[in-house]
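Quick notes on the structure that follows.
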């Protein structure tokens, strides 16, 4: 029999002829036919064994083997490369990309990644701690950290991550006011949500590590968006006023401190001046007292005369009166100079 080029295979009459020849062989020599079937079976068995004994683990992957449905601890976690296993389905290989960081989005979905990202926005309304409603969107990044638990304990890891993330985020957001969810509390919400998600997944034995939780744009519902925008503007105005007040305080406080230091230095100088003057007067008094003790009468008269000279120099007209009330002189003498003995 010859297969003609371009006819796409054997013709029907040729196939019938081949079947007829095989039937004649089986009829005339059953032993040879059985041996042929055994050879064919052995060849198929060998091919199946070879085909099912080798497997490849990707560069980003690790794998584990389930032997008769049970995790083979003797084999452990298998790294990238070509490996052997028991054939005929005795060993089943489960590989997963353990180095890949997976991503789950909540409240939105990326339709096309790249420079121009398009989002299909989905509603994710949550009740906050002050009984307001906020539309919260977030993303969770996670990776496999225990392949055995990931394969054995969790039937649908992606669904488990989504369910855990949604439940935890709603619980965490319920502990904060709407202003904190939209503005100042975002970082704390992310941290608390990540810790709570990791704790819950560890309790389930999921073999998953939460790498990051990031809040995307959080916004109030459309029905109250305008009111929230007005509140935000008021908060921004408040913050601006506070910053201006802090700036004015920072400007005035150093000046006030400088004035204080200057006043303190002036007071200390004045104090030292008074102390020095008082000490000088004390020393002068002690010197006069010493002279007074040596010559009391002379010192008393000198002090009297010095004091009178000082006082009279500051006075205007002066009258000299005798003890009997008679006015002797009127000082200063107008245009006249009094000399010793009364000569003019």
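At R0 = 45 Å, how high is the FRET efficiency between residue 264 and residue 295 if r is their beta carbon distance? Nearest 0.05 is fine.
It comes out at approximately 0.45.
Using only Cα positions of region 66-189, each an equal point scatterer, no hydration layer, compute I(q)/I(0) via Debye at q = 0.09, 0.15 Å⁻¹ and quote the log10 values to two decimals.
-0.43, -0.84
Could you give the length gained on full extension between residue 112 and residue 90, defined as 0.36 nm per residue of separation minus the Cα-Cα distance, in nm?
Extending this stretch completely gives an extra 3.7 nm.
Average projected area of the Cα convex hull of region 201-265, in nm²?
10.6 nm²
Sticking to Cα atoms, compute the Rg of region 121-223 to one decimal and its Dmax as the biggest Cα-Cα distance, whole number, in Å.
14.4, 48
Using 10 Å bins from zero, what percent of all Cα-Cα pairs in region 229-294 falls into each bin?
It works out to 17, 18, 15, 13, 12, 9, 7, 5, 3, 0, in whole percents.
So, in nm, how far is label residue 212 from label residue 100 when the simple model puts each one 7 Å beyond its Cα toward the Cβ?
The modelled label-to-label distance comes out at 1.9 nm.
May I ask for log10 I(q)/I(0) of region 152-204 at q = 0.24, 0.30, 0.31 Å⁻¹, from a Debye sum over the Cα atoms as equal point scatterers with solvent left out?
-0.88, -1.15, -1.19
Using a simple spin-label model with points 7 Å from Cα along the Cα→Cβ vector, what separation in nm is obtained for residue 225 and residue 68?
About 6.3 nm, to one decimal.
Residues of region 191-214 with the amide nitrogen closer than 16 Å to a label point 7 Å from the Cα of residue 167, along Cα-to-Cβ, please.
Once the point is set 7 Å along Cα→Cβ of residue 167, 193-208 turn out to lie under 16 Å by backbone N, inside region 191-214.
No lab work stands behind these numbers, since they all come straight from the coordinates. Because the structure is a prediction, the values reported are computed rather than measured. Heads up, the Cβs are rebuilt from the backbone with ideal geometry, glycines too, and the neighbour counts pull from every protein chain shown.
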